Amino acid sequence: MSDVLEEEDEMFVIERLDWTLEKPYGRIVSLATGNNTLLMGTDAGFIVRFTVLNDSNRHHVEIPSRGRVHLYKVFLDPTASHALVSMREGVTYYLPIAQNPNRVINVKGCCCIA
């Protein structure tokens with residue numbers, strides 16, 4: 001009976017995902033999570049959104065750039081509906097669900113820190 005109570009009281013379950021990031025996307029340099037969603041930023045300038053509960057729900061977006069991409073951090077709100085992508089050059093992008101990134105002009109020169 002104590003085993004049943006322990007299983008019901010578990011807040012988190014750790015499981016291994018059977019998924020790898022394909023080589024063209026580069027290496028993961030920043031990761032954020034929220035609402036069963038992983039948001040990954042790569043050194044090749046891609047943002048990959050992966051929903052854990054739905055294996056077929058993967059999206060990738062390439063960050064627009066001139067030359068080399070220097071992604072600093074990705075941030076995801078708790079509902080996984082909105083994301084911010086901060087670049088080392090001080091440019092920040094807003095990424096709503098399943099759309100292309102929009103540059104946030106008013107915060108140029110400011111890096112996001114959480």
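Summary table below
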| read-out | value |
| --- | --- |
| Nearest-10 value in Å² for the accessible area of Leu53, using the 1.4 Å probe | 140 |
| Heavy-atom accessible area ranking, 1.4 Å probe, most first, across Phe12, Phe50 | Phe12, Phe50 |
| Lys/Arg +1, Asp/Glu -1 at C-beta; region 25-76 dipole; positive extreme among Ile28, Val48, Val69 | Val69 |
| Amide hydrogen neighbours beyond the local backbone of Tyr72, cut-off 5 Å, H modeled | Ser86, Met87, Arg88 |
| Accessible area of Asp43 in the full protein assembly, 1.4 Å probe (Å², nearest 10) | 60 |
| Val13-Ser65 pseudo-label distance in nm [points 7 Å out on the Cα-to-Cβ vector] | 3.8 |
| Additional length obtainable on full extension of the chain from Arg88 to Val52, 0.36 nm per residue less Cα span | 10.1 nm |
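The values are calculated or read from the model by the stated rules, or taken from the named source; none is laboratory data. Here the structure is a predicted model, which is why all the values come from computation and not from measurement. Quick reminder, even Gly has a Cβ in these numbers, built from the backbone with ideal geometry, and neighbours come from all protein chains shown. Quick note on the areas: whole protein, heavy atoms, side chains included, nothing else; ligands and nucleic acids left out. Shrake-Rupley method; radii C 1.70, N 1.55, O 1.52, S 1.80 Å.
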